[in-house]
1. Please state the Cα pair-distance histogram of the stretch B:107-171 with 10 angstrom bins from zero: what percent is in each bin?
2. Just C:N277, C:N160, C:N125 to compare: in a GNM of chain C, with alpha carbon springs under 10 Å, which one fluctuates most?
3. With every protein chain present, what accessible area does B:E61 have (1.4 Å probe, heavy atoms only), rounded to the nearest 10 Å²?
4. For the stretch B:200-213, take each phi angle, set θ = phi - 60°, evaluate the Karplus expression 6.51 cos²θ - 1.76 cosθ + 1.60, and give the result in whole Hz per residue in order, putting x for glycine and proline.
5. B:K4 label point, 7 Å along Cα→Cβ, cut-off 17 Å on backbone N: hits in the stretch B:197-223?
6. Normalising by the residue count of the stretch A:35-335, find the relative contact order in percent from Cα pairs under 8 Å and 6+ residues apart.
7. Where does helix A:142-161 land angle-wise versus the long Cα axis of chain A, in degrees 0 to 90, nearest 10?
8. Amide H neighbours of B:G183 under 5 Å, at least 5 residues apart or on other chains, H built in the peptide plane: list them.
Amino acid sequence: MNSSPNVGPDLTGGGASAPREEGWRQAVAIAVAQPVAGPLFALVVIKAVFSLTTTTFLNVGNLSLIFQQSVVIGTLALGQTLIILVAGIDLACAAIMVLATVVIGSVATEGNVALAFVLGAVACVAVAAINGIAVTRFRLPPFIATLGMLTIITAGARLYTNSRSYPISSDWLMLMGSGPASGLVTFSYGSMLWIGLTFLLSYALTQTAWGTHVYAVGSSPSAARLNGIYVDRVIFSVYALAGVFYFLAAWQALGRTPIADPSGYQAANLDSITAVVIGGSSLFGGRGGVAGTFVGTLIVTVLKNGLTQAGIDSLYQQIGTGILVILAVGWDQYFRSGRKA
Amino acid sequence: MSDKRIVMQGIGLSKRFGHVVAMDHADFELASGEIMAVVGDNGAGKSTLIRVLSGASVPDEGKVFLDGEEVHFRSPLEARLVGIETVYQELAVATEMDVAQNLFLGRELRKPGWAGRWFRQLDKAEMRAQAAEHMQALGIRIQSIRQKVETLSGGQRQAVAVARASAWGRKVVILDEPTAALGVRETRQVLDLILRVRDHGLAVVLICHNMPDVFEIADRIHIHRLGRRATVVDPKVVKPNQVVAIMTGALDAASVPSALLAPVAA
Amino acid sequence: MTMNERKFRSAGKLLGTTLLAAGLFAAPQAAFADGYKIGVVEQQLANPFFGKLQAAAVQRAKELGLTTMTAESTVAGDAASQVNGIENMINQGVKGIVLDPGSASALVPIVKKARAAGIIVVTTNTSLEPPTAADASYETDNFAAGVLIGQWAKAKIGANPRVTLIDYDLSDKTSKARHDGFLKGFGLTETSKEIAGTALTQANVDGGQQAMENLIAAHPDINVAYTINEPAAQGAALAAKRAGKKVVFTSIDGSCSGVRSVVDGTIGATVMQFPSNMGRLAVDAIDKAVKTGEKPSGINNSGTVLITDQPVAGIESKDSKWGLANCWGE
Ligand SMILES: Nc1ncnc2c1ncn2[C@@H]1O[C@H](COP(=O)(O)OP(=O)(O)OP(=O)(O)O)[C@@H](O)[C@H]1O
Ligand SMILES: [Mg+2]
C-alpha cells in the first residue's frame, strides 16, 4: 500500500508486509470482494477434472444438458439468495414451487390453463408472503417459520392432490422446456428466463436503492433501522419477491418435466441453499450476490452430472457437495472473524 | 443568551426497561445555534435521553417539543425528515457497505433522467463524488470512499458516522460520545467539525465524558444524574470540578447558578 | 395483504372444522359396533398406498363385526407417532394390531410390550428387524417382484443388453430387495459388464429424469432400465424420449398412474402390489388367532403380478386392462 500523505494511519492493520505477501493478500482481497471469483474457480477446476476422467463430459450436448438441469434450482436459488442476503433462509422454497405445479396441474386438467397459471402464481406469492409475515410481524426465526411451512406445504400438496400427479399437456405451460435447438444443444426459454432473471435481480440488487437496503438490512438490521430504513418492509418484500421466483421456477419445472408431481423436487430445497452458499453468499446476511449463485448452481449440477457419468456412487456426490458447502461457509467465517479480530 | 430561541425541549421524559428505570422524569432543552454538552456517569441515562429525542425509542411518559410544537417520533426516520440527525453510541453504520453507501444510506440519489425515473438506477458516481467531497471538507482521511466500513478502524467508523450526521443535519445534530474511540488528532478534527456545524446555525447536542473538551466547546452543560437532569450550567461560570461534583452527587445542583432558559416544570 | 391473511385464516378454520368432523364421526363408530377391538397403525395417509391399506383393514374389521382404532405417522420414517398410537391401543385393550412400521427397528420394543400384553401384532407392507419381532407379516415380496421384471426384461431385450438401474437409497430394505431381485431375474451381478451405469434418486419424476439424462449422456447405448418405482420410470422415460433413445423400462408398484404408463407404452412392464390384500389378510389372521388361538407366523406374500401388454412366453402376466381394474391410487 503506498503511503500518500493524505492517507490516514493504520488502515490495513500492519502495512509492513513483504511485496510477495502483498500479491497474495491482494488476490485474497479480490476473492473476498468479488464473491463470484472463488466459486468460478471451483467450477473451472471441477469441470477440468470431469473432462479428464470422463469422455462424454465436455461434449456440447452434455454441457447443454447441465444447463437444462440447472434451470429450476437456479431460479429457486435466486429467490433463496434474496432471503439469505437479509440473513434469512427458506427451507420451503422447492415445496412452495411444487405446490404451484400441482395447483397448475390440477386446474389445467379441468381445462382452464389461464386460470391455472394465475392460481399457481397466487399460491406461490401468498405462501412466500406468509413466510414474510411470520418473520417480520411475528418475529419467528426464518429457520423455524420456513421449516414449519415446509412440512405444511409438503403435506398440503399431497392432501390436495391425494398424492396423484398431473400430466401437463398445454403448450403454454410447457413453453419453458422448448426453445431454439440445433442438434443436441437446446437453448430453452427456461434457460433464457433464468439468465434474464439473474441479470434483472443483479441490477435490482446493485443499482437500486431497494437493493442497497437489502444489503443494509442483512448487514446490520439495527443500523439500517437507525438510518431510517423500514427493515420489516424490506424483509417482507424480499420474501414476497422470492415467491415470484418460485412461481417462475414452477413454470420452468413444468416445461422440463411435464408432470406435476407432489413428491417432486424434494432435494431442491437444500440444493438451492447449497447453490447460494457455494456461490459465496454469507448465511449471516449482507454479503454475496446472484452472480455467485448462478455459478453455485452450475457447480451443484455439474457435480451430480459428472459423478453420475463417471460412474461414481451418488452417495459420494452428496459427500462432495457437503464438503463444498462446508468449505464455502468456512471461508466466509474465516474472513469474517479475521477481519473483526 | 436572550436572543436564543429554544428549538428542542423535553418535559418529564421517562423510560423503563422492565425493572430498570433508565430515565425518570427528565427534562431537556436546547437553544438554536448552541452546543449543549450532556454529561453524567455511566448509566445515568444520557443515551436513553437522546434516543427518545431522536425517535430511536418512544418514551413511556413525557413530551418532546420541536420549535414549540409537540412531536411524536416513532422512528429515527421521522426525526431525520424534520432535520434532526443523530450519531448513536453504537454508531449505526452498515459494516458490509462502503463509506459512500453509508453516507447516503436511506437517502440514495437516483440518476437524473429516464434511468433514474424508469429504472430507478442509483447515481453511484455522484454519491461517491459528494461523499468524497464531504469527507475531504471535514478533513477525515480514509483511503477510499469505496472502502467497506468493516475494514475501517473504530475511530474511522466514528468519523464516518459523524460525517453522515453533519452532512444531513438541518436543525439539530445529536452526537453520543463521538470522540470516545478517537485519537488526539481525530478528536481535534471532530471538535472542530462540531464547532463548524454550530457556526452554520445548527444546534448540537454532544454527549461527552471528557471535561476539558466539554469546557472548550460547549455553550451550556446539561448535567444528568440518576435518570434525570440535575441542572444546566454555563461553563464560563462554573468550574469543571463543580460539574463533576454535581454529577456524582457530592454537590447540590442548587448551589451553582442555573443557565436554564425555560422555567422549570413543576 | 388482507386478502392473503383472510385466505389463510379461513383455511385454518376449514382445517379446524375438518378435524372436528373427523372426531365426531370417529366416536360413534367405536361406540356402536360390538365384538372386540383391534388397532390399525399406518404410515402417513397422504400416500394413497397407505390409505388404501388402512381402508382395507378397517373395512375387513367392520365385515367381521370388530371395532377399530387407528393411528398413523405424520411423515416418512416417523416412528414416534406410531409408538404413541400403539401405547394408546394397549391401554384401550385391543386384541390385535395391524402395523405398517415406519421404522424396522424403532418399533421393536413397543411391539414386544404389546405382545407381552397378549396382543397379536401383524405387520403389513414391510416387516420389523428381525421379522420375528411381530407374529407375522403380510407384504409384497419385493425380491420376487424384482425377479419378475428382471426375467421379463431379459426375455424382451434379447442379445446385447445395456442395463441401467435407477435406485432409491439402497440401505432401504424395499429398495435393496427390488434391486437385487431385478439383477437375479436378469442373471446379472453388481459387477456385470452389461450394467452401463446406476444412479440414486428420490424415487420421484424429476429425480428419475435427471438421472436418466446423465446416464444417457454418458452411455448412449443404454437399452434396458430398472426403476425403483413408477414416478421414477416416468421421469426416466421422458429423458430417453427427449434424447431420442429407445429404452425398455421396468418398474414396480402397480399404481393406477403407473398402469396408465403401461397402457401408453412408456413403461414396458411393472409389478403390481396389493395394499388391500395386505390389510385384509392381516385382519383375517388376527381374527383367526383371537377366535381359534391359532397364531399366524412368517412373512407372507400379499401378491405380485406382472402387468404388461407385451407378454413373453414362460412368464405369467396380466394385461394393462386387468391392471387398471385392480390398481391402487389415482
Ligand atoms: N435496551 C435496554 N434494555 C435494558 N436496559 C437498558 C436499555 N438501554 C439502557 N438501559 C439501562 O438504562 C440505564 C441508562 O442507560 P444509558 O445507556 O442511557 O446510560 P448512559 O448514560 O448513556 O451511559 P454511558 O455513559 O455508559 O453511555 C442503564 O442502567 C442501562 O442498563
Ligand atoms: Mg451512553
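1. Bin by bin from 0 Å, the calculated values are 19, 44, 28, 8.
2. In the Gaussian network model the winner is C:N160.
3. 70 Å²
4. Couplings: 7, x, 7, 8, 10, 10, 10, 8, 7, 9, 8, 4, x, 4 Hz.
5. Those under the cut-off are B:197-208, B:214-223.
6. With pairs under 8 Å counted, the relative contact order is 34 percent.
7. 10 degrees
8. Under 5 Å from the amide H of B:G183: no residue qualifies.
The values are calculated or read from the model by the stated rules, or taken from the named source; none is laboratory data. Everything numeric in this text was worked out from a predicted model, so none of it was measured. Using ideal geometry, Cβ is built from the backbone for each residue, glycine included, and neighbour counts are taken over all protein chains shown. In case anyone asks, the SASA skips ligands and DNA or RNA and just uses the protein heavy atoms, side chains included. Shrake-Rupley method; radii C 1.70, N 1.55, O 1.52, S 1.80 Å.
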